[in-house]
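Coordinate-derived values only; no laboratory data. All figures in this text were calculated on a predicted structure; none of them were measured in a lab. For neighbour counting, all protein chains shown are included, and Cβ atoms are generated from backbone atoms with ideal geometry for every residue, glycine included.
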Number of protein chains: 2
Amino acid sequence: MARTLKDIASELNVSVSTVSRVVNNCDNVHPKTRKRVLGALKKYNYIPNQVARSLKKNYTETIGIIIPDISETFFAQIIKGIDEVLSNRNYSIILMDSNESPEKEEHYLKLMFQNRVDSLVLATVSKEHSALNMYISNNIPVVFIDNIPNLDYDIDCVIINNQKASIMAVNHLIGNGRKDIAIITGNPLETTGYERLEGYKRALRQNNIPVNSNLIKYGNYKEDTGYSCMKELIEHRAENPFNGVYIISEKMTYGAIKAIREHGLTIPEDIALVGFDIHDKSGLITPGITSICQPENDIGKIVAELIIKRLKEKAKSGKVSGIRQRIILDPILEVKVSSQPE
Amino acid sequence: MARTLKDIASELNVSVSTVSRVVNNCDNVHPKTRKRVLGALKKYNYIPNQVARSLKKNYTETIGIIIPDISETFFAQIIKGIDEVLSNRNYSIILMDSNESPEKEEHYLKLMFQNRVDSLVLATVSKEHSALNMYISNNIPVVFIDNIPNLDYDIDCVIINNQKASIMAVNHLIGNGRKDIAIITGNPLETTGYERLEGYKRALRQNNIPVNSNLIKYGNYKEDTGYSCMKELIEHRAENPFNGVYIISEKMTYGAIKAIREHGLTIPEDIALVGFDIHDKSGLITPGITSICQPENDIGKIVAELIIKRLKEKAKSGKVSGIRQRIILDPILEVKVSSQPE
DNA sequence: GTGAAAGCGCTAACAC
DNA sequence: GTGTTAGCGCTTTCAC
């Protein structure tokens with residue numbers, strides 16, 4: 001079973017093109033012939049070879065996704081959103097997990113290209129984006145999520161307003177009576193780290209609170225740095241007191257909470273806390289963590305729609321045209337107990 | 001940039017085969033020629049077309065993974081394990097999320113085959129496995145994880161000892177003084193649901209505790225059924241009292257806890273609880289949830305190694321040979337507060 | 001309405 | 001050590 005067009009054709013004494021026409025539902029096939037062919041297709045359980053098709057048609061109906069950590073709910077949900085839209089159109093997803101490593105990301109960028117994905121979704125962790133050139137110069141649409149690179153050409157991206165997210169978080173803490181607010185942010189050379197830090201500073205300034213650089217810690221989004229940054233903050237609490245903290249990633253938030261508890265401090269009494277991307281639908285975490293959340297499913301769907309649009313343009317005009325879009329969604333502040341007044 | 005072998009060849013006035021030899025590091029190329037070709041390859045930033053290669057070589061260096069829910073930590077971690085091993089060997093992963101739907105699974109099974117994946121990893125949610133025939137009859141190795149199908153031929157799988165998992169969970173509850181133990185399990189037509197339920201019954205019998213079918217509830221692994229099953233249990237508590245519960249999936253555990261809290265009951269005082277696949281490294285959930293855990297990373301790596309082995313066999317003998325392996329790993333019981341004596 | 005044939009980009013057997 | 005050639009399975013143009 002599942003042989004080639006040729007097999008089916010010679011079985012029925014028709015030409016491959018006729019069989020191909022039936023497979024692809026083209027007209028100009030006699031109803032009788034069609035019926036015969038359809039029968040044989042069924043009988044031999046024929047399934048077209050996408051590889052051959054791709055080579056011929058010069059597209060693969062495949063899109064690539066490179067993300068830093070599939071086990072982060074944020075990315076998993078985005079993938080689900082993309083998958084929902086794209087799988088209906090018979091696209092397949094090639095997924096690679098860079099594990100926060102720029103080297104792996106670069107390797108994967110090549111591997112994806114080698115696979116000739118029609119389009120790429122990238123949550124970059126790299127500062128160096130020369131490997132993207134092959135996509136750009138070959139007219140392969142790239143859509144950025146989460147982090148966006150600093151490039152001298154326009155890009156498509158679907159992100160949230162990161163400054164706004166921070167302003168919401170910090171204003172909320174201030175509104176609840178906290179003035180000495182620390183932040184655990186990401187690498188400021190990445191847009192997410194940078195923008196979220198900027199928003200934090202802006203919010204403080206707007207409230208006439210001086211920015212204390214000793215209350216700014218830089219992690220790498222992973223749990224252990226959330227832990228170590230918080231530990232440092234707590235250990236220097238005498239010189240640099242704080243009673244609120246804002247942490248810009250899911251896993252760092254977990255690590256930070258762990259550190260706070262280990263030091264016998266309580267949330268929110270000693271430290272009011274706002275996290276990021278905390279999904280605790282069932283309310284299992286006590287106290288409930290106030291968090292900035294991103295509309296992952298929307299992001300995924302919008303990414304998919306944008307890709308479809310770019311691919312259509314390309315099919316029409318031969319190249320990715322249209323003005324690149326920065327689609328910026330609003331973050332959501334989910335208020336729970338961790339940030340409430342004492 | 002990134003053109004074809006032909007382009008490079010005509011640029012240098014050599015044949016495509018020479019260029020191909022250089023690209024593939026074959027010998028029988030004059031060092032001088034090699035150098036020239038290498039230079040051109042670099043200059044034009046040549047990246048081989050995997051699609052053409054796949055068509056010619058009759059394998060794609062691609063493996064497919066179909067799972068029911070990428071946002072479950074269990075599956076995400078398995079994928080990371082597989083990826084770690086396979087990406088080093090230049091394999092790419094095509095991922096599809098069936099979202100617990102048998103229809104989607106079947107569709108994806110076809111789509112994967114159409115993509116001519118070299119091998120398939122499947123966590124099936126279906127009772128009907130005829131779509132697997134195309135893999136079997138075309139000698140494409142399939143490795144099952146999590147759930148295994150009831151088929152009349154041998155299969156490769158990497159799973160945990162599900163009966164043992166339940167026995168550990170139930171014995172632990174009994175050891176902590178609970179005798180009236182409920183279970184929220186999965187569909188008993190699936191092996192995970194069935195085996196975990198069997199283990200539960202066995203453990204009770206071994207302890208001379210009668211099985212009360214009113215304390216057995218069937219969910220679908222998702223959060224809302226964990227919630228509704230627990231609700232039912234609690235509402236019929238007068239007739240069918242219980243003071244311990246064992247829940248066989250991550251998300252159902254979350255749902256169940258939510259229901260327990262909403263009814264004003266406490267864990268472990270009113271209900272001692274053992275969950276499944278709960279990863280709470282930072283100890284955020286209070287009380288800490290005692291849980292059966294699976295060694296996901298190991299599972300992923302073993303799956304990948306098994307695939308490599310099968311693919312090697314196939315390369316050698318032309319077909320997937322060797323006796324199919326059921327690799328059964330031990331579950332781990334992580335004891336926290338939720339199951340401790342009052 | 002149908003078939004013949006070229007060709008997508010590559011590999012590999014064979015010839016020289 | 002290098003080139004020529006056939007062909008992987010398919011789509012599509014062009015004849016008829």
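Of all GluC sites (Glu not before Pro) in the range A:165-269, which ones are in loop regions per DSSP and have a Cβ with at most 11 other Cβ atoms within 10 Å?
Working: sites: A:E190, A:E195, A:E198, A:E223, A:E232, A:E235, A:E239, A:E250, A:E262, A:E269; in loops: A:E190, A:E239, A:E269.
For GluC sites (Glu not before Pro) across the range A:165-269 that sit outside H, G, I, E and B with at most 11 neighbouring Cβ atoms in 10 Å, the list reads A:E239.
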Checklist entry - What pairs from A:K80/B:K231; A:K32/A:K314; A:K80/A:K258; A:K42/A:K309; B:K258/B:K281; B:K80/B:K164 go past 32 Å between their alpha carbons? => result A:K32/A:K314; A:K42/A:K309
Next on the checklist: I'd like the distance between the alpha-carbon centres of the range A:221-248 and the range A:67-83, rounded to an integer number of Å.
Outcome noted: 27
Next on the checklist: How big is the dipole moment of the range A:174-300 about its Cα centre under a simple scheme where the beta carbon of each Lys and Arg is +1, that of each Asp and Glu is -1, and everything else is neutral? Debye, nearest 20, please.
Outcome noted: 300
Checklist entry - Taking a label point 7 Å from Cα toward Cβ, how far is A:D154 from its twins in the other copies, in nm, shortest first? => result 6.1
Checklist entry - With contacts defined as alpha carbon pairs under 8 Å and 6 or more residues apart, what's the relative contact order of the range B:255-342 in percent? => result 41
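With each run of n ≥ 4 DSSP H residues scored as -39500 (n - 2.57), what mean residue ellipticity at 222 nm is computed for chain A after dividing by its residue count and rounding to the nearest 500 deg cm²/dmol? Provide the component values of the computation, followed by the final result.
Working: 12 runs with 148 residues, N = 342.
My calculation for chain A gives -13500 deg cm²/dmol from helical runs alone.
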Checklist outcome for this item: per DSSP, antiparallel bridges as share of beta bridges in the protein assembly as shown, % nearest 5, sits at 15
Item to check | Qualifying chymotrypsin sites (Phe, Trp or Tyr not before Pro) in the range B:141-242, DSSP loop, other Cβ atoms within 10 Å at most 12 | outcome: B:Y153
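Using a ≥ b ≥ c from the Cα gyration tensor of the protein assembly as shown (square roots of the eigenvalues), is it rounded, prolate or oblate, where a/c under 1.5 gives rounded and otherwise the larger of a/b and b/c decides, a/b for prolate?
Details: a/c = 2.13, a/b = 1.25, b/c = 1.70.
Because a/c hits 1.5 or more and a/b fails to exceed b/c, the protein assembly as shown counts as oblate.
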Checklist outcome for this item: Here the correct list, in nm and shortest first, of distances from A:Q206 to the same site in the other copies, label points 7 Å along Cα→Cβ, is 6.1
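Can you say what percent of the DSSP beta bridges in chain A, counting only those with both residues inside, are antiparallel? Round to 5. All intermediate terms of the calculation are to be shown ahead of the outcome.
Details: 3 of 36 bridges.
About 10 percent, rounded to the nearest 5.
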Checklist entry - Given Cα pairs under 8 Å that are at least 6 residues apart, what percent is the relative contact order of chain A? => result 17
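Within chain A, which is the longest segment containing none of the trypsin sites (Lys or Arg not before Pro) that sit in a DSSP loop and have at most 13 other Cβ atoms within 10 Å? Before the final figure, lay out each step's value.
Working: sites that count: A:R89, A:K127, A:K281, A:K319.
Result, exposed sites excluded: A:128-280.
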Checklist entry - Put +1 on the Cβ of every Lys and Arg and -1 on every Asp and Glu Cβ in chain A; which of A:Q340, A:I47, A:S119 then has its Cα farthest towards the positive end of the dipole? => result A:I47
Next on the checklist: I'd like the Karplus ³J(HN,Hα) series for the range B:297-314: coefficients 6.51, -1.76, 1.60, θ = phi - 60°, whole numbers in Hz, and an x wherever there's a Gly or Pro.
Outcome noted: 4, 4, 4, x, 5, 5, 4, 4, 5, 4, 4, 4, 4, 4, 5, 5, 3, 5
Checklist outcome for this item: Check: C-alpha center the range B:314-342 vs C-alpha center the range B:126-185, spacing in Å is 10
Checklist outcome for this item: For B:Y218, inter-copy label-point distances (7 Å, Cα→Cβ), nm, shortest first, read 5.7
Checklist entry - Among rounded, prolate and oblate, which fits the range B:5-48 when a ≥ b ≥ c are the square roots of the eigenvalues of its C-alpha gyration tensor, a/c under 1.5 means rounded, and a/b larger than b/c means prolate? => result rounded
Checklist outcome for this item: For chain A, the convex hull over Cα atoms projects on average to an area in nm² of 21.0
